Amino acid sequence: MSAPGSAAAGALEVLAARRQSLAVAESLTGGLVVGELTGVPGASRVVRGAVTAYATDVKRDLLGVDGALLADRGAVDGEVARQMARGVRRVLDADWGIATTGVAGPEPQDGQPVGTVYVAVQGPDGEEQIRRLALTGDRDRIRRDSVDAVLALLLSELTENVRAQDTEQHGGNGCLQP
């Protein structure tokens, strides 16, 4: 469960203040991301839901990930993560979408070594970020670190977006004033 001050709590606070919603698409994390988010009191104001798209055909058929991309590169790919985030936004009618896909182990997958993970965030105004991670540890550690990484990426994107909006509106240097 998220502690106050965690990336999950911070992201939910920003989203609630903006009156924006969030949807989650998970593969290797299997529901851990939405579990972390919904462990924060008041998460229901923001979290629309989640899709655990563990199987490749679910990524394609439900989230709209390009079938040719999946056939060519496999499910462990940055563009797949981006399309998952976009797809879950569409399916669950959310302002923001986040996604995880990767290899938690114990065996490599799609030609990718254990610990290769992609996390993605996509927002309402076209903002998006994708990160490739090379994680170490056992299956549980890789999955836990993937949760932390996608939530930190979301919080970073939300706070960078706030700074950019402040700069545009106030002509400042992008730094938030206390």
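The values are calculated or read from the model by the stated rules, or taken from the named source; none is laboratory data. Source: prediction; values computed, not measured. Ideal geometry is used to build each Cβ from the backbone, glycine not excepted, and the neighbour counts take in all protein chains shown. Please note that ligands, DNA and RNA were not included when accessible areas were found on the heavy atoms of the full protein model with its side chains. Shrake-Rupley method; radii C 1.70, N 1.55, O 1.52, S 1.80 Å.
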* Asked: If you line up the Cα atoms of the range 1-87 on their principal axes, what length do they span on each, largest first, in Å?
  -> 41, 23, 18
* Asked: Using 0.36 nm per residue, how much length does the chain from E128 to R73 gain when fully extended, once their Cα-Cα distance is taken away?
  -> 17.7 nm
* **List D110, D95, D77, ordered by accessible area with a 1.4 Å probe, largest first** => D110, D95, D77
* **Nonlocal amide H pairs with W96, under 5 Å, H built at 1.01 Å** => S21, L22, A23
* Structure fact -> Summed over the other residues with a beta carbon less than 9 angstrom from that of R73, with K and R at +1 and D and E at -1, the charge totals -4
* **Net charge of neighbours whose Cβ lies under 11 Å from the Cβ of S6, counting Lys and Arg as +1 and Asp and Glu as -1** => -3
* **Compactness of the range 9-59, expressed as Rg and Dmax over alpha-carbon positions, Å** => 11.7, 36
* Asked: So how far apart, in nm, are the two label points at R19 and D138 if each is 7 Å from Cα heading toward Cβ?
  -> 4.8
* Asked: If Lys and Arg each add +1 and Asp and Glu each add -1, what is the summed charge of the other residues whose beta carbon sits under 14 Å from the beta carbon of A149?
  -> 0
* Kirkwood hydrodynamic radius for the chain: how many Å is it when counted over pairs of different Cα atoms? -> 16.3
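Just the accessible area per residue of the chain, please: how many Å² with a 1.4 Å probe?
On the way: 8520 Å² over 178 residues.
Roughly 48 Å² per residue, with all protein chains present.
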* Accessible surface of S156 in the full protein assembly, 1.4 angstrom probe, to the nearest 10 Å²? -> 50
* To do: Count the DSSP beta bridges whose two residues both fall in the chain, then state the antiparallel fraction as a percent rounded to the nearest 5.
  => 60
